[in-house]
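A single structure is presented below for examination.
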Amino acid sequence: MKKKLILVTSPPASGKTYISKMLATNLDHVVYLDKDTLVPLSNVAYKVAGEEINRSSQFFEDNIRNVEYEVVLNFAFEALQYEDIVLINAPFTREIRDTEYMISLRKKLREYDAGITVVWVKTDVEVCKQRMIERNSPRDTWKIANWDEYISKIDFSIPENLNDPSVVDQLLIFNNSSQEEYEESMAKMLKEIQ
């Protein structure tokens, strides 16, 4: 079996974490990585710099965001040396739309005899907002308080640049705006990935 990196991606509060954990639980030979595990470390950077913890700030963009992605991918590359599937739960919203970035990532994965599958979690915007309110996380405080500004910068569209019919499993869509959609998508996804 060829090794595989699975990126479970989407804007915040689309259901990535729950879906990622359920996929990882039901797949064989998988290492689960969550970029949010790095948040406590990143919060130290805010404190050291005397900055407010705000993952929508310019400080985050300039000093933290890309490093978090680099670190979680480095963990994934290391894990691929020991296991068949690595699943990363992280937005990757810009990266997967950047053709050059994806070409570079595929090239790097070939060093580990691995391919890539992007699972895009498709969720209605209003469902995402309600989930943010319900989870009541400090990382969402600014987003909810400044919803119109926040949402104007988020792209909920499917990353069609990855939809290449000649590449099997490159882009899978996981519909997640209701329990019924979730159940149908989970059953389909497990068949396609395993």
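Taking the conditions exactly as written (touching a residue at least 24 places away in the same chain (Cβ under 8 Å), open to solvent by 70 Å² or more (accessible area, probe 1.4 Å) and either under 23 Å from Ala145 (Cα atoms) or over 15 Å from the mean Cα position of the chain (by Cα) (or both)), does Asn26 satisfy them or not? Before you say what the answer is, go through the steps one by one.
On the way: touching a residue at least 24 places away in the same chain (Cβ under 8 Å): yes; open to solvent by 70 Å² or more (accessible area, probe 1.4 Å): yes; either under 23 Å from Ala145 (Cα atoms) or over 15 Å from the mean Cα position of the chain (by Cα) (or both): yes.
So Asn26 passes the test.
Of all residues in segment 51-63 being over 16 Å from the mean Cα position of the chain (by Cα) and open to solvent by less than 70 Å² (accessible area, probe 1.4 Å), which is nearest to Lys107 (Cα to Cα)? Spell out how you get there, then give the answer.
Step one: list which residues in segment 51-63 are over 16 Å from the mean Cα position of the chain (by Cα), which gives 51-54, 56-63.
Subset that is open to solvent by less than 70 Å² (accessible area, probe 1.4 Å): 54, 56-57, 59-61.
Numbers: Asn54: 33, Ser56: 31, Ser57: 32, Phe59: 30, Phe60: 28, Glu61: 26 Å.
Result: Glu61.
Which numbered condition in (1) in contact (Cβ under 8 Å) with a residue 40 or more places away in the chain; (2) among the basic types (Lys, Arg); (3) open to solvent by 40 Å² or more (accessible area, probe 1.4 Å) is the only one that Lys143 fails?
(3)
Now a separate question. Which condition from (1) surrounded by 11 or more Cβ atoms within 10 Å (Cβ to Cβ); (2) under 28 Å from Ser56 (Cα atoms); (3) more than 17 Å from the chain's Cα centre (by Cα) is the one that Glu134 breaks?
(1)
For every residue, the table says whether it meets (1) within 25 Å of Ala76 (Cα to Cα); (2) touching a Cys at 6+ places or on another chain (Cβ under 6 Å); (3) among the polar types (S, T, N, Q); (4) outside any strand (DSSP E or B).
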| residue | (1), (2), (3), (4) |
| --- | --- |
| Arg131 | no, no, no, yes |
| Arg139 | yes, no, no, yes |
| Ile151 | no, no, no, yes |
| Ser177 | no, no, yes, yes |
| Tyr182 | no, no, no, yes |
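Where residues in segment 84-106 are among the polar types (S, T, N, Q) and open to solvent by 10 Å² or more (accessible area, probe 1.4 Å), which of them is farthest from Ser157 (Cα to Cα)?
Initially, segment 84-106 is screened for residues among the polar types (S, T, N, Q), giving 89, 93, 99, 104.
Still in the running and open to solvent by 10 Å² or more (accessible area, probe 1.4 Å): 93, 99, 104.
Numbers: Thr93: 10, Thr99: 16, Ser104: 23 Å.
The extreme case among them is Ser104.
Could I ask something else about it? Can you tell me how many residues within segment 107-122 are open to solvent by 10 Å² or more (accessible area, probe 1.4 Å) and within 17 Å of the chain's Cα centre (by Cα)? Steps first, please.
Keep residues of segment 107-122 that are open to solvent by 10 Å² or more (accessible area, probe 1.4 Å), which gives 107-108, 110-113, 115-116, 122.
Still in the list and also within 17 Å of the chain's Cα centre (by Cα): 115-116, 122.
Residues in segment 107-122 being open to solvent by 10 Å² or more (accessible area, probe 1.4 Å) and within 17 Å of the chain's Cα centre (by Cα): 3 in total.
The values are calculated or read from the model by the stated rules, or taken from the named source; none is laboratory data. All of these numbers come straight from a predicted model, not from anything done at the bench. Here Cβ is always computed from backbone atoms with ideal geometry, including for glycine, and neighbour counts include all displayed protein chains. Ligands, DNA and RNA are stripped out before the accessible areas are found, and what is left, the full protein with its side chains, is counted by its heavy atoms. Shrake-Rupley method; radii C 1.70, N 1.55, O 1.52, S 1.80 Å.
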